[in-house]
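Questions regarding the structure given below will be posed in turn.
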Amino acid sequence: MIKVHVVNALNKHLYENEFDEFLRRRHDFFVHQKRWRPPSPDGRELDQFDTDTATYLLGIEDGRVVTSARLIPTSEPHMVSEVFSHMCEKSGVPRRPDWAEWTRTFVVPDKRSTGLRGTLTQLCCAVMEYALDEGLAAVGGVQETYFMPHHGALKWRAEPMGMAREQNGEWYIVAYIHVNEAALASVRKILGIDYSLLVRRGTQLPFIQWPETRLDVA
Amino acid sequence: MIDSDVFDFVERCRKHTATGPLLGDLLETVRNLGFEHLILSGVPLGGQKLAPMVELNGWPAGWFERYVAAEHAAVDGVCIYSAKTLKPFFWADVPAKWSDTEGSRRVAGEATEFGILSGFAVPMLSVHHWQSVLSFASSQKSCSLSPRQQVQLVTMAVYAGMSIQALSNNDDGDEGPLTDREKEVLLWAAAGKTSSETSQILGLTERTVKWHSTRAREAFGVATTTQAVVEAVRRRLIHP
């Protein structure tokens, strides 16, 4: 079972090695395997959304970063608002501090396809737990249609913002998953756990920064 | 068909509490795009039986029985290609390597007797099988979909696939067919170890190792440990 560390602008210095490993694994996955991004000379993958507004959930097992998620408030510039807004023809682009965009999830090759109790489901559990802790209402964003049945298997409800679309030979859809106790309970039941997967070290930064309480974290 | 019909279907999807009404709803909705029949199933690999993998059966009466009895899945190009691609495709676009075989042409010929002439298939992740496919069938000689209709169909397919996963109870997945020890024994068998070697590696008696192999064979209803290894890999229970 993975432990999932919450990493953001205020405690990132505690995770220098893990964060670097995360960026290298991202490069492996998004550049070499998915070919979504051009190679970077330093072998690390970063994009314009890796800013201080992002919170990273790093799934660590046996000292390795085996999976990850990046969460960004949709009130900030994020992938759907900047790149995929045309895919939200039904509901428009959500822009709410309590709706998080979930991107940059990979699973290292030797931890893939381990059934419904595997690393991916463990990460999903941690994301749902974090989202509930932080008072979020929804998490999601642009996703490969192929993987959508996984949400169904977790008994999660994913609301589409628009139709599925083909882009560069792959099919995507923008959808947001409802955050609630039932969603956490169902994924925990599948994993057979009743405990937290999250680890919080150092200074914690609340995910939701309502405009009037915004901290300067630069 | 207009987009709101698709979103209405999506909305109805999560209210269906049984597969029957979901199938009926999907059949009725995709009729507007020219599809009269559909099947949602795990993709059978290497001689796996199709029937237990079917999750929504909207094929014409008689055709499913014929397809299963004749073991068409093993030669049908559409079925074979469904295991090889992650992307939605027109049946007509299945590469000739799989569609232009004698067996596949025979299946396609027989299907016409049941009013199935063309189709469109949407492969999806399955947590129980290698992957799933939702295949839509049309009585038109070649089904044509505008880009927008294709988008509508894929969207509905994805939501139907999600709903089916949500409806299937996970009780069978609670324990899984194999114990950790049985998996371990199969893993060493996959690595080429004999029962005696495995017994030394695991610190068990050879008799115990053989007993675990026997249990694994029984769990899958197969005769040899090699078959059990193949079945365990196929069901993603072990990762040699």
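The values are calculated or read from the model by the stated rules, or taken from the named source; none is laboratory data. Worth saying up front: this structure is predicted, and the values here are computed from it rather than measured. Cβ coordinates were reconstructed from backbone atoms using ideal geometry, including for glycine residues, and neighbour counts include every protein chain displayed. Heavy atoms of the whole protein, side chains included, go into the accessibility calculation; ligands, DNA and RNA do not. Shrake-Rupley method; radii C 1.70, N 1.55, O 1.52, S 1.80 Å.
Which pairs break 22 Å Cα to Cα here: A:K111/B:K183; A:K3/B:K183; B:K183/B:K210; A:K34/A:K90? Walk me through the intermediate numbers first.
Numbers: A:K111/B:K183 16 Å; A:K3/B:K183 24 Å; B:K183/B:K210 13 Å; A:K34/A:K90 28 Å.
The pairs that break the limit, which is 22 Å between Cα atoms, are A:K3/B:K183; A:K34/A:K90.
Two decimals is fine: what's Rg over Rh for chain A, C-alpha atoms, Kirkwood radius as Rh? Don't skip to the answer; put the middle values down first.
Details: Rg = 16.4 Å, Rh = 17.6 Å.
Answer for chain A: 0.93.
Could you tell me the relative contact order of segment A:6-54? Use alpha-carbon pairs under 8 Å, at least six residues apart, and round to a whole percent. Don't skip to the end; give the middle numbers.
Values: 32 pairs, mean separation 20.0, N = 49.
Dividing the mean separation by the residue count of segment A:6-54 yields 41 percent.
Which semi-axes, in whole Å and largest first, does the equivalent ellipsoid of segment B:173-234 have when worked out from the alpha carbon gyration tensor as the square roots of 5 times its eigenvalues?
Values: eigenvalues 64, 29, 21 Å².
Semi-axes, largest first: 18, 12, 10 Å.
Using a 1.4 Å probe on protein heavy atoms, which residues of segment A:144-182 have at least 50 Å² less accessible area in the complex than alone?
A:Y146, A:P149, A:K155, A:R157, A:M163, A:W171
Next question, about the same structure. Give the separation of the Cα centroids, segment A:54-103 to segment A:166-206, in Å.
11
Then there is this: Roughly how crowded by other chains is peptide B:120-131, in terms of the mean Cβ count from those chains within 10 Å of each of its Cβ atoms? Provide the component values of the computation, followed by the final result.
Working: counts 0, 0, 4, 2, 7, 11, 3, 11, 3, 0, 1, 2.
The per-residue average across the peptide is 4.
Over segment A:3-201, with every protein chain in place, what whole percent of the accessible area is carbon and sulfur at 1.4 Å, could you tell me? Please report the intermediate quantities before stating the final value.
Working: 3780 of 7670 Å².
Carbon and sulfur together cover 49 percent of it.
How big is D, in µm² s⁻¹, for the protein assembly as shown by Stokes-Einstein at 4 °C and 1.567 mPa s if Rh is the Kirkwood radius over C-alpha pairs? Display every interim value, and only then the final one.
Working: Rh = 23.9 Å.
The calculation lands on 54 µm²/s.
Highest first, please rank the peptides B:186-199, A:184-197, B:152-165, A:119-132 by the mean number of other Cβ atoms sitting within 10 Å of their residues. Walk me through the numbers on the way to the answer.
Values: B:186-199: 17.5, A:184-197: 15.9, B:152-165: 26.6, A:119-132: 23.2.
For the peptides B:186-199, A:184-197, B:152-165, A:119-132, the packing ranking is B:152-165, A:119-132, B:186-199, A:184-197.
Ok, one more. Just to be sure I understand: if you take the accessible area of chain B alone plus chain A alone and subtract the pair, with a 1.4 Å probe, what total do you get in Å², rounded to 100? Kindly include the intermediate steps, with their values, before the conclusion.
On the way: alone 12720 and 10460 Å², together 20470 Å².
Using a 1.4 Å probe, the pair buries roughly 2700 Å².
Could you give the accessible area per residue of the protein assembly as shown, probe 1.4 Å, as a whole number in Å²? Write down the numbers at each step before the final one.
Details: 20470 Å² over 458 residues.
Value for the protein assembly as shown: 45 Å² per residue.
Averaged over A:84-91, how many beta carbons belonging to a partner chain fall within 10 Å of each residue's beta carbon? Kindly include the intermediate steps, with their values, before the conclusion.
Working: counts 0, 0, 0, 0, 0, 1, 6, 1.
Counting Cβ atoms of other protein chains within 10 Å of each residue's Cβ and averaging gives 1.
How many Å³ per residue does the convex hull of the Cα positions in segment B:86-185 occupy? Show your work: numbers first, answer last.
Values: hull volume 15.6 nm³, N = 100.
Dividing the Cα hull volume of segment B:86-185 by its residue count gives 156 Å³.
Relative to the longest principal Cα axis of chain B, at what angle does helix B:102-112 sit, 0 to 90 degrees, rounded to 10?
That helix lies at roughly 40 degrees to the long axis.
Assuming a viscosity of 1.567 mPa s and a temperature of 4 °C, what translational diffusion coefficient in µm² per second does Stokes-Einstein assign to segment A:77-203, Rh being the Kirkwood radius over Cα pairs?
In µm²/s, the coefficient rounds to 84.
Also, I was wondering about something else. For segment A:31-109, just the Cα set please: Rg and Dmax, both in angstrom.
Answer for segment A:31-109, Rg first and Dmax second: 14.2, 43 Å.
Got a sec? Which residues of segment B:150-170 lose 20 Å² or more of accessible surface with every protein chain in place, vs. that chain alone, 1.4 Å probe?
B:Q150, B:V151, B:V154, B:T155, B:V158, B:Y159, B:M162, B:Q165, B:A166, B:N170
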